[in-house]
Amino acid sequence: MLTGVVGTQFGDEGKGAVVHRLSLSEDIVAGARAQGGNNAGHTIVLPDEDEPYKLHLVPSSVIAGKKGFIGRGCVVDLEVLVQEIAMLRERGHNPDVVLDPCAHVILPWHKALDTINNKKQGNFSAGSTGRGIGPAYGAKHERWGVRVDDLFENKERVQQVLDVYVERLEKDAALFNIPADTKTFRKNVEKIKTSFSSLYPCIVSDVSVQVEKLLQRGEGVLGECAQGEMLDVNNPYYPYGTSSETNAPGLFVGLGVGLKRDYIGPMYGVAKAYTSRVGDGPFPTEIKGKLGNAIRKKGNEYGTTTGRPRRVGWFDAVIVRAASRASGLEGLVLTKIDVLGGMDMLEIATEYRIAEKYFQDQIPPHDYASCALVTEHLFGWTPYTKEGYQRQFANGVSHIEDTNLRKYLEAIERTTELPILMISFGAESDAFISYV
Ligand code: IMP
Ligand code: MG
């Protein structure tokens, strides 16, 4: 079965740690990324290693020694992939990574265009990670993209694309002081090819065929969605998001796996016990000022990929319900509950009010600036140690002894209409409990 780990908020819900935990199970033989690229940053902290792993492209399952697939729905910066595999080898891993030849490659002009777009879009810019993700997906859909296979096997196509982008960038390049000439582009493309050749061709193979073979044999594959539902390109918050399908259906599309009943495993939605967002765009439950700063500091809310401070806010049940709808979620994995310990009062948003209209489920695609919230107020709890949280959560949400902690979790279950199936209460992979 293909099991999915899906982001229900704005990304950074802690999917990397969850994928790592689930990958430890004997039932899982491989992990897979199906969309996005190195805009993602998945952090895994092992109890016996000081330095965390920060993965951007390689599926997090490789840390548990499982195979890692990078599907055709991804956009891949090959130099980053090479560096990441080298880093893992240096730290004693032998990552078995399979890259689909139909995945699109991020090329130097995509990165240049990303910077230019960020500036030109002004108020409408999502404040991208600058990794070339949007332009690479744009090129793919315009059919000006270069796939991994093209890069090595189709010189004529690469030249054609290169000429098009030199022409496109000419004016902007001068304006933004970015080198955009055929010679530089070709030199950079050759550099990418040389760097990647240390790995090519042994790991390039059709992921859709390989994953299907495993699923046919009844093996477990763990899909690691990147980003979150509110950054999905089809989400009402467009254009303030990323350029791929970040939800469970995107997982199947991006791997090239069909919807045979036997293949569809549970889809777990990962949600932080509060909300965070890195980059620009609407964020109805955002907390600014002192309280926001305190949560950011305690939760170490700084982007894994760019180091940017993340905006933080209250738990928003409206967006988690939207994620549940889009992905067919089985239940929630609630992360970072420990960060909220020691607060006096907490809020959960249950509805939006925009221009005198109430929105419980549908998120309108405009007017967020005037969005008011309908909220529930809850009492906080005194902070616990890792062992303390372990004891509280040992027997399930309804048996949590601390009344205020229990009420907060029960409110999340009630307002999202989803059961909490797993809880994490610390960065280390053992600060985690699972009820499934
Ligand atoms: P892009 O994906 O780099 O084009 O960025 C588009 C928007 O998505 C920006 O607001 C980014 O900050 C945000 N974003 C992209 N990837 C991630 C992620 O993995 N976690 C959180 N935010 C992300
Ligand atoms: Mg991240």
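Just so it is clear, none of the values below were taken in a lab; they were calculated from the coordinates. As the structure is a computational prediction, the values presented were derived from the model and not from experiment. All Cβ positions, even for glycine, are placed from backbone atoms using ideal geometry, and neighbour counts span all protein chains on display.
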Check your understanding: So what is the relative contact order of the stretch 221-368, in percent, for Cα pairs below 8 Å that sit 6 or more residues apart?
Key -> 26 percent
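Using Cα pairs closer than 8 Å and at least 6 residues apart in sequence, work out the relative contact order for the stretch 95-189, in percent.
The normalised contact order for the stretch 95-189 reaches 31 percent.
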Practice item. Could you please rank 304, 182, placing first whichever residue has the fewest other Cβ atoms within 10 Å of its Cβ? Key: 182, 304
Check your understanding: For the chain, modelled as a GNM with alpha-carbon contacts under 10 angstrom, which of 294, 326, 174 fluctuates the most?
Key -> 174
Point to revise | Sites matching GluC sites (Glu not before Pro) across the stretch 326-397 that sit in DSSP coil, with at most 11 neighbouring C-beta atoms within 10 Å | key: 356
Practice item. Could you please rank 12, 262, placing first whichever residue has the fewest other Cβ atoms within 10 Å of its Cβ? Key: 262, 12
Check your understanding: So what's the net charge close to residue 27: Lys and Arg +1, Asp and Glu -1, counting the other residues with Cβ under 12 Å from its Cβ?
Key -> -1
**Study point:** Highest-MSF residue in the chain out of 87, 267, 422 [GNM, Cα springs under 10 Å]
**Key:** 87
Review point. Among 82, 207, which comes first, then next, by fewest other beta-carbon atoms within 10 Å?
Key: 82, 207
